[in-house]
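Each value in this text was obtained by applying a stated rule to the coordinates, not by laboratory testing. Not measured: the values here are computed from a predicted model. All Cβ positions, glycine included, derive from the backbone under ideal geometry; neighbour counts span all protein chains shown.
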Amino acid sequence: MAAPSMPEPKTPLRAAARPDDSTLRAGSVTGFALIDEASGICHDLCPGVTMVGRGSDLDLVLTDPSVSRLHAEITVRGRYAYVTDLGLSTNGTRVNGRPVGRRRLRNGDVLTFGAATFRVVAPLEEPESPAGEPDTMELRAVRAPDLTRRERDVLTALCRPSLQSDAFVNPASAREIAEELVVTEAAVKQHLLRLYAKFGIPEGGDRRVRLANEVVRAGFIRPAPPRPSGHAH
């Protein structure tokens, strides 16, 4: 009797040998795909968001050491696709050799994460951008809200791990922030709730990570070096 089959892991990508571009556009769910320039492997992109990086739980896992654990995301919406650099990578994301924060992807673009390079396959389209939207956009400017001194302390402690590592690491937990600031964890959580509201971070997912992303990308918080172990507060 055959052993029961294990459920396949959820992934929005399908890897295959390099196909003819016209065949790929006709056979792909969205018409968008990435071809690894080093291996020739093709990855179809499905609707929605594809997370890219070295993290083993991401949608497109890259092993190149120049790629951050959580490096970028690619969003496919209908006939359009955009790449967004997540801002926590020292090596950045490039399209056709140019560093980008967010950029619309077109057929033939060369997309680079760190040193990992892909060629974009996309549906043929009209040359102009939709509704006059520019192809390349700077990262959305974050307008710094009015913060109390303690809220700034919480943000500094939250973002410290991200700014002290070449690759993405998770921001500090509420407990770690509380230990650094010598306050209760409950107090930190209350400060975080107010910060989510001030920076417009909606509910859902890991709000701490999204808050840290927003703050780090904007260069709003630049933590000082960590205190030596045993330093008096």
Item to check | Whole-Hz ³J(HN,Hα) from phi, Karplus 6.51 cos²θ - 1.76 cosθ + 1.60, for region 73-82, glycine and proline x | outcome: 9, 10, 10, 10, 10, x, 8, 10, 9, 10
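Which FRET efficiency value, to the nearest 0.05, is calculated for VAL110 and THR75 with the Förster distance at 22 angstrom and r the Cβ-Cβ distance? Show your work: numbers first, answer last.
Details: r = 19 Å, r/R0 = 0.86.
That pair, VAL110 with THR75, gives E of 0.70.
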Item to check | Cut-off under 5 Å, modelled amide H: who pairs with HIS71 long-range | outcome: VAL52, GLY53, ARG54
Checklist entry - Given H placed 1.01 Å from N in the peptide plane, which residues other than close sequence neighbours of ALA81 have an amide H under 5 Å from its amide H? => result LEU105
Checklist outcome for this item: Two pseudo-spin positions, 7 Å from Cα along C-beta at ARG194 and at ARG149, lie apart in nanometres by 1.4
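Report the extension gain between THR63 and GLU179 in nm, rounded to one decimal, defined as 0.36 nm multiplied by the number of residues separating them, less their alpha carbon distance. Mind showing how you got there, number by number?
On the way: separation 116, 0.36 × 116 = 41.76 nm, distance 3.43 nm.
Full-extension gain reported as 38.3 nm.
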Checklist entry - So who's got an amide H within less than 5 Å of the one on GLY92, skipping anything under 5 residues away but keeping other chains? H placed 1.01 Å off N, in plane. => result GLY114
